[in-house]
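Reviewing the structure listed below.
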Amino acid sequence: MNIRCSYCRNSFNLGRDFIAHAVAEADEKRQKHVGVECIKCRKMIKVPVKQMRRFVPRQEAAAEEEEVQA
Ligand SMILES: [Zn+2]
């Protein structure tokens with residue numbers, strides 16, 4: 001998932017693992033945004049959880065269930 005820093009205009013990629021973790025944490029805290037630190041200027045960029053969730057379509061839970069059934 002590509003993020004563009006609104007402070008320094010640097011764009012960088014967020015890994016799927018990172019997003020999955022961040023979304024899970026935001027859900028737990030009932031937050032609508034995830035704070036991501038820009039790799040260049042180190043400022044916090046707020047990314048909507050909704051936007052992140054599209055990159056992690058809850059595959060992990062489903063995959064675990066399948067394994068149990070198989
Ligand atoms: Zn930046």
Checked the range 2-13 for anything near the ligand (Cβ under 7 Å from one of its atoms) and among the polar types (S, T, N, Q); matches are N10
Any residue in the range 14-23 that is modelled with pLDDT of 95 or more, more than 16 Å from the ligand (Cβ to nearest atom) and among the charged types (D, E, K, R)?
no
Listed by first then second residue, the pairs whose first member lies in the range 14-33 and is within 18 Å of M44 (Cβ to Cβ), whose partner is among the small types (G, A, S) and surrounded by 12 or more Cβ atoms within 10 Å (Cβ to Cβ), with beta carbons under 9 Å and at least 6 positions apart or on separate chains, are L14/A22; A22/G35; K32/A26; H33/A26
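The values are calculated or read from the model by the stated rules, or taken from the named source; none is laboratory data. What you see is a predicted model; the values in this text were computed from it and never measured. We place every Cβ from the backbone using ideal geometry, glycine too, and count neighbours over all the protein chains shown.
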